[in-house]
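Below: the structure, in structure tokens.
Please treat every number below as a calculation from the coordinates, not as lab data. Everything quoted here is computed from the prediction, not taken from an experiment. No Cβ is skipped: glycine too gets one built from the backbone with ideal geometry, and neighbour counts run over all protein chains shown.
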Amino acid sequence: MKDSFDLMIVGVGGQGTILASNVIGEACLIENREVRSAETHGMSQRGGSVETHIRIDGIYGPLISPGQADLIISFDLLEALRYRHFLKDDGIIVSAKGIVVPVSAFQNNLEIPSEKWVADKLSDVKLMTLDAERIALEAGNILSQNIVMLGAASQHIPLKKDSLLEAVRRLVPKKTTEINENAFLMGYAEGV
């Protein structure tokens, strides 16, 4: 029997996966909860895949085994498909719509899968998608997509909304606090 709530945040370098995972970690600290996390972001600066493992209330190491994630927050549909095998049977994927196309795909004339093709491949899991780019722009800055996604997924995370919002306030650059609060709340409204 697993005592922890296990979630992964996945995306492409530059999308803010690390900040989003830090917000969750900070919210855990605010609530005096155990948290363990690990991340990989080696070639992420060149548009590579980034993954963060977060275990809330776990007593063991930070890495999540395949088939054990309660939740995957994906900033890109293709990344949702790439990490789908980590999701447990009754888990959920909350993903941004859209696919980030790597430069190498253009350089090598590779065929890029469509959003529909990826969604069809994920038809065997509970999948919620949202237009994080549009919502972030409405909130005031396209760079707040990661906080939009966090807001949308927050209803599936065993942390209080107020703790997550306080963590956002503490960790985003001060001049962007209001935009990121709006982004979180707008994402939260989409996640209902």
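Take every DSSP beta bridge whose two residues both sit in the chain; close to 50 percent of them are antiparallel.
How big is the dipole moment of segment 1-91 about its Cα centre under a simple scheme where the beta carbon of each Lys and Arg is +1, that of each Asp and Glu is -1, and everything else is neutral? Debye, nearest 20, please. Please list the in-between numbers first.
On the way: 8 positive and 13 negative charges, 57 e Å.
With only Lys, Arg, Asp and Glu charged at Cβ, the dipole is about 280 debye.
Taking a straight line from the alpha carbon of K174, these lysines sit under 23 Å away, with near neighbours fewer than eight places off in the same chain left out: K160, K161. List every DSSP H helix in the chain whose Cα atoms extend 18 Å or more along the helix's own long axis and whose mean Kyte-Doolittle hydropathy is at least 0.0. Qualifying helices, which must be both long enough and hydrophobic enough, are 17-30. Database remark: amide H of V35 closer than 5 angstrom to the amide H of D57 (H placed geometrically; neighbours at sequence offset of 5 or more, or on other chains; Pro and chain starts carry no H). When a/c reaches 1.5 or more, the comparison of a/b and b/c decides; with that in mind, is segment 116-171 rounded, prolate or oblate per its Cα gyration tensor? Here segment 116-171 falls in the oblate category.
So if I place +1 on the C-beta of Lys and Arg and -1 on the C-beta of Asp and Glu, and nothing else carries charge, what would the dipole magnitude of the chain be about its Cα centre? I want it in debye, nearest 20. Walk me through the intermediate numbers first.
Values: 19 positive and 25 negative charges, 57 e Å.
Using Cβ point charges on Lys, Arg, Asp and Glu, the chain gives about 280 debye.
Within a straight-line Cα-Cα reach of under 20 Å, K97 can be paired with the following aspartates and glutamates, leaving aside sequence neighbours fewer than 8 residues apart in one chain: E51, D76, E79, E111, E115, D120, D124, D131, E133, E138, E190. Other residues within the sphere of radius under 10 Å centred on the Cβ of F184, judged by their own Cβ, net out at +1 (K and R +1, D and E -1). From least to most packed, judged by other beta carbons within 10 angstrom and beginning with the fewest, M149, M8 follow the order M8, M149.
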